[in-house]
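Notes follow the structure.
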4 protein chains.
Amino acid sequence: MSVKKLRFGIIGAGRIGKVHAETLAYRLPEAQIMAVTDVNREAAQALADKFSIPTVAASSDEIIADPQIDAVLICSPTGTHADLIIQAAKAGKHIFCEKPIAFSLDKIDAALAAVKTAGVQLQIGFNRRFDANFARVRKAVATGEIGKPSLMHIISRDPNPPSPAYARSSGGVFVDMTIHDFDMARFLMGDEVEEIYTAGAVLIDPEIGKAGDLDTALIVLRFRNGAIGTIDNSRKAVYGYDQRVEILGSEGKIETANCYPNQAVISGGTAVHRDLPLNFFMDRYTESFSTELKSFTQAVLENRPTEVTGIDGRIPVAMALAARKSYDEHRPVRLSEVEA
Amino acid sequence: MSVKKLRFGIIGAGRIGKVHAETLAYRLPEAQIMAVTDVNREAAQALADKFSIPTVAASSDEIIADPQIDAVLICSPTGTHADLIIQAAKAGKHIFCEKPIAFSLDKIDAALAAVKTAGVQLQIGFNRRFDANFARVRKAVATGEIGKPSLMHIISRDPNPPSPAYARSSGGVFVDMTIHDFDMARFLMGDEVEEIYTAGAVLIDPEIGKAGDLDTALIVLRFRNGAIGTIDNSRKAVYGYDQRVEILGSEGKIETANCYPNQAVISGGTAVHRDLPLNFFMDRYTESFSTELKSFTQAVLENRPTEVTGIDGRIPVAMALAARKSYDEHRPVRLSEVEA
Amino acid sequence: MSVKKLRFGIIGAGRIGKVHAETLAYRLPEAQIMAVTDVNREAAQALADKFSIPTVAASSDEIIADPQIDAVLICSPTGTHADLIIQAAKAGKHIFCEKPIAFSLDKIDAALAAVKTAGVQLQIGFNRRFDANFARVRKAVATGEIGKPSLMHIISRDPNPPSPAYARSSGGVFVDMTIHDFDMARFLMGDEVEEIYTAGAVLIDPEIGKAGDLDTALIVLRFRNGAIGTIDNSRKAVYGYDQRVEILGSEGKIETANCYPNQAVISGGTAVHRDLPLNFFMDRYTESFSTELKSFTQAVLENRPTEVTGIDGRIPVAMALAARKSYDEHRPVRLSEVEA
Amino acid sequence: MSVKKLRFGIIGAGRIGKVHAETLAYRLPEAQIMAVTDVNREAAQALADKFSIPTVAASSDEIIADPQIDAVLICSPTGTHADLIIQAAKAGKHIFCEKPIAFSLDKIDAALAAVKTAGVQLQIGFNRRFDANFARVRKAVATGEIGKPSLMHIISRDPNPPSPAYARSSGGVFVDMTIHDFDMARFLMGDEVEEIYTAGAVLIDPEIGKAGDLDTALIVLRFRNGAIGTIDNSRKAVYGYDQRVEILGSEGKIETANCYPNQAVISGGTAVHRDLPLNFFMDRYTESFSTELKSFTQAVLENRPTEVTGIDGRIPVAMALAARKSYDEHRPVRLSEVEA
């Protein structure tokens, strides 16, 4: 009668660590959190208290060494991801790792090699693949519902710019923010990008520019199948989180709208209005965070490949490097140019 | 460090019992299910297995007698509600009871009297009050955002008619289906109905007519504040569950749309279309079921009145009786006419 | 090479007279305005100047006697309609008459009898039949696209209440405003109403109540085919003219939205909004006014029956009388009760 | 009492000539068509018959020489535009000319010089400026309603590709189709474009590719004010004409939806759908064609500058040249590069 459970250790008790802990604790009967750790021990303790996690581990080493743990959830800063993947893989743990794996392709390749050698499962945290809107778009393309795709648009705007300090440490907008859109582009089209052209600007916060980053970007993607598309990124949309896609195909188009906290429309004396869309990723993508962990957990329990593999974690980083190179050199850049 | 939990016993392991069990098990850290019972013991056992409920009780008596249980969740057939409320109240248990309390006002009054005498908390399962759309409409009325209300419409249509057998045992469409809309009418307007006129028909399934019931109804409500409104009920909408409201006020109107599984719109060669709305109450009202139990749990833990009281359970039954009387006598009927 | 033109005389140079004159002058190559008259000669003169109408007639007698005129457009006050129809019919003129024909069925019957005797064409100004939205709904019902209709809703709200003086002279809200909705109900359903129940109120302007009229109404219609429906009327919607319908059938529903001056949506820092809908009938129904006159003109030129006959002008008045009787007597009233 | 009328001669009785003739004949009291000519005399005669135009001129020379004509409407093939402008300007006629003025900047400059020397008025047929949707977007930008613009998208797709023969003679997609979008970009942003990058493809009809043209394009625009934007062009959208824009600014965004023949939504057993959007430019932009001619007529009658000047006709051609050069050379191209 007892169901087999996947036993998790969580490394990193920050914003996304909390989201995942809540999912594991309250949404996934087949998951069990054994331990949590964070360089900030108080944060780890608070998480443990909130979700009745039995152990607060002293370090990621302790988590990875724990024989009672089947899988690690890597939610620590990007700079630690690749090494933790290697270490966990060597210890035979299955791995769920937040994006990006690393800022350099070399480091990513080393991590993926370790995973391959160890034969463990790896899933990258591209949660948007599990969002109902984007899954519906993918389905429309995959089933031929809109025919052969020719044009694609991804709109992806944050409600507020990060601090310049964050902009600096995050590796820049392409590897921090656009990386989700790069993943979406590949996922939705079911095809790979060959060439990227970036038009960017600093229009929101000059400090972001001083930190060497951009806050506004239009990225043109050319796919192998001949289709072309754009990604529209802004670090500030006053009306909130803006996440939409549109694909035109030979038999039709599919486009998504934002998600709203309610479906009420008010008609007053001066305008017809509704409340602002769901604000930022934790509200907008709540369900997808839950679904991606369910997907990972079941893949491991049933010994199937994960839905978002290590290669899926590598290619968007290559795209980010190409996007930056295009911006710096003011010309279209082929993805092959950013390979070693 | 340990949080106080409210310990529940569940009476009835049918469709709605399962929904509530899942909420208590996976969504509410402050709740704990101690036991479940059902006249169908296998159903109770299955529920216990699925949600790791320690005890399958032999009867509701056993649940109500259990000193480890703080609150009972009454999800059994309507005919048992009033007696279970009385019994649980006498045992000092707090009570969450599904609608309707009973088919007769006498029985309801006896149950409410027992609750009052015992000084326990009672909440009725009018989950729609906790739905984001309807809560937003209520807010618009309560805050004066649309001024003084004058006209109201509630559209409430099921995707499929019940079996004639169900129609017979359910007490009829008004007390089974419209009762939610009667509650919404009071809740949204923040006012009481004085008079009801019903135009009804059997247009979907003649067997429902033979069972003495209707499958199509328009109910006109006259509120004390002078406003007037309608409820539109149909037992069959081929496109799925249709749940909308609209209120016109002196300063504007507010109207809600249905909720959809995704926000994707497909433009093809013959039409612009989207997927059907969320189908039936378990999909459409998932969040509200969770929120209503959270509201009850917190009200009990914090010793506050519940948000949906016994009177809120009684009045919609009186409205259902008046609606039926109006239909039978083909004239407007005042609510005072159905009081003893 | 020269096209046959229908030569019009216009009786009444008020608001609706101007609308029709503009259509005849600038939209209908097959129409020609020969003369206009109004008890206010200056208004007639202004219209003649604006649209290059050659003759300002001294009276309606002069128009009706003019052998160069093929058809009269009756846009004068309701009290004059029936007599003008009789007079014009006797003179062998084809007639386009604004609604309502008269406030009493006797007068209407006399007018229709004269039309029949004379063998002239008569069309009543129920322009909404020619509106793209409502025509689409009619098509959905007529073709079986939504199956057999069971429930219908008509929302019809004005942006501002009329003056109490107008309310008094207009014959009341049912014969003045709801009459369009009564026509819509018959037209959209393709069926006749048997019984009417009216719930009404004075919620906007007490002076309208003192004038013996209502400003807010819900009217329940029972059709011969068993379907039921409502008409929602308000004399004041602060957001503008609100004109929507919805029909539920056994195979689906069709519902219309309001029409807007543009399709732009603005997302700002506090709400997502759009401009108010088209305000009042001259903006909202511009095209339908043009189409109805084209329909009349072609029907006469081609000697076909008009699309909105005298009977179509009579029945909504009977419905208005039944609606008022229901309101006065606080009970459902059958249409047969208002027949002599 | 008599109103001053502007007397027009129409050169070219093709598709757009007919549209303009209907506007002048039936929508603009202040306009009068004196004559029409076309190399296809039968087409000119048919137009004259339909709109009661007194004279069918033997040639454009005859129209331009006619002292009774105040203004010429140039609707002939593009190759003739510049010479006709020069000729008409010398004859002192005011000029309304369809886009583009010419395929080369030299020819355009010669035409504009002639207009300047003659001191006549010139308006270019960029009708979309007069469309209610786009005018609303322009207003939002001009008034600061959405703050300082940063990102812009124009979607502009035709329902069906032209014949390869047309593609060849039209000068290519940029100067034939995108030219409207180039004008929109300048108009909506109220700013000039400095640099253009084009990603294009032949995905719809290989014959178009063989003719040296594209059928699918994404064009990135960089504005002087730092904003960036895209134009999305496709020669084939199976669902019909797709014309939308979106601008993100520091205080919000504005986006437009397509226009539909009606506002009816049908919910059936498998999908919620509505009819396809208005199909192609004559349906979609009917009102704007009327408004642009009204604007021109009034500008001339009141001796004011036209709303779309010769320079407004020149710059989009320069943009088209830069777009093509970018496509050919696979790099971003500055507008200054296409100047002589």
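The values are calculated or read from the model by the stated rules, or taken from the named source; none is laboratory data. What you see is a predicted model; the values in this text were computed from it and never measured. Note that each Cβ is placed from the backbone with ideal geometry, even for glycine, and that neighbours are counted across all protein chains shown. Accessible surface areas use protein heavy atoms only, side chains included; no ligands, DNA or RNA. Shrake-Rupley method; radii C 1.70, N 1.55, O 1.52, S 1.80 Å.
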- Query: Out of D:THR55, D:THR23, D:THR117, which single residue is touching a helix residue (DSSP H, G or I) at 6+ places or on another chain (Cβ under 8 Å) and more than 30 Å from C:ALA31 (Cα to Cα)?
  - Reply: D:THR117
- Task: May I ask you to list the residues in region B:2-45 that are part of a loop (DSSP other than H, G, I, E, B) and either of a type in the set (S, T, N, Q) or closer than 17 Å to B:PHE289 by Cα (or both)?
- Result: B:SER2, B:GLY12, B:ALA13, B:GLY14, B:ARG27, B:LEU28, B:PRO29, B:GLU30, B:ASN40
- Item | Hey, C:ALA58 small (Gly, Ala, Ser), more than 14 Å from every other protein chain (Cβ to nearest Cβ) and open to solvent by 60 Å² or more (accessible area, probe 1.4 Å) or not | yes
- Query: Out of curiosity, is A:ASN303 out of contact with any Asp or Glu (no Cβ under 9 Å at 6 or more places or on another chain) and over 28 Å from A:PHE103 (Cα atoms)?
  - Reply: yes
- Could you tell me whether D:HIS94 is in contact with a strand residue (DSSP E or B) (Cβ under 6 Å, 6 or more places away or on another chain), modelled with pLDDT of 95 or more, closer than 28 Å to C:PRO29 by Cβ and not charged (D, E, K, R)? yes
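Residues are listed down the side, and each one gets a yes or a no for (1) of a type outside the set (A, V, I, L, M); (2) open to solvent by 60 Å² or more (accessible area, probe 1.4 Å):
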| residue | (1), (2) |
| --- | --- |
| D:LYS4 | yes, yes |
| D:PHE8 | yes, no |
| D:ILE11 | no, no |
| D:GLY14 | yes, no |
| D:VAL19 | no, no |
| D:LEU24 | no, no |
| D:LEU28 | no, no |
| D:ALA31 | no, no |
| D:PRO54 | yes, yes |
- Task: Could you please find all residues in region A:185-220 being on the phi > 0 side of the Ramachandran plot and at pLDDT 95 or above?
- Result: A:GLY190
- Item | Conditions (1) under 19 Å from the mean Cα position of the chain (by Cα); (2) open to solvent by 20 Å² or more (accessible area, probe 1.4 Å): number failed by C:ALA110 | (1)
- Mind telling me which of the residues C:ALA82, C:ALA31 ends up being more than 14 Å from chain D (Cβ to nearest Cβ) and in contact with a helix residue (DSSP H, G or I) (Cβ under 9 Å, 6 or more places away or on another chain)? C:ALA82
- Query: Does region C:310-330 contain at least one residue that is farther than 17 Å from C:PHE182 by Cα and either within 14 Å of chain A (Cβ to nearest Cβ) or in contact (Cβ under 8 Å) with a residue 40 or more places away in the chain (or both)?
  - Reply: no
- Note on the structure: Across (1) of a type outside the set (Gly, Ala, Ser); (2) in contact with a helix residue (DSSP H, G or I) (Cβ under 6 Å, 6 or more places away or on another chain); (3) modelled with pLDDT under 95, A:GLU339 clears everything bar (2)
- Message: Checking the conditions here, which among D:PHE174, D:PHE223, D:PHE182 is out of contact with any Pro (no Cβ under 7 Å at 6 or more places or on another chain), modelled with pLDDT of 95 or more and surrounded by 24 or more Cβ atoms within 10 Å (Cβ to Cβ)?
- Response: D:PHE174
- Query: (1) within 7 Å of another protein chain (Cβ to nearest Cβ); (2) open to solvent by less than 10 Å² (accessible area, probe 1.4 Å): which one isn't true of A:TYR285, the others all being true?
  - Reply: (1)
- Message: On the basis of being open to solvent by 10 Å² or more (accessible area, probe 1.4 Å) and either of a type in the set (Gly, Ala, Ser) or farther than 28 Å from C:ILE146 by Cα (or both), does B:GLU192 make the cut?
- Response: yes
- Task: Select from region B:155-175 the residues that are assigned to a helix (DSSP H, G or I) and among the hydrophobic types (A, V, I, L, M, F, W, C) and write down the one among them that is farthest from C:ARG157 (Cα to Cα).
- Result: B:ALA165
- Message: When you scan region A:99-106, do you find a residue that is open to solvent by 30 Å² or more (accessible area, probe 1.4 Å) and in contact with a helix residue (DSSP H, G or I) (Cβ under 7 Å, 6 or more places away or on another chain), even just one?
- Response: yes
- Count of residues meeting criterion [open to solvent by 40 Å² or more (accessible area, probe 1.4 Å) and touching a residue at least 12 places away in the same chain (Cβ under 8 Å)] in region D:119-139: 2
- Query: Which one is modelled with the highest pLDDT, of the residues in region A:147-169 that are open to solvent by 10 Å² or more (accessible area, probe 1.4 Å) and of a type in the set (Ser, Thr, Tyr)?
  - Reply: A:SER150
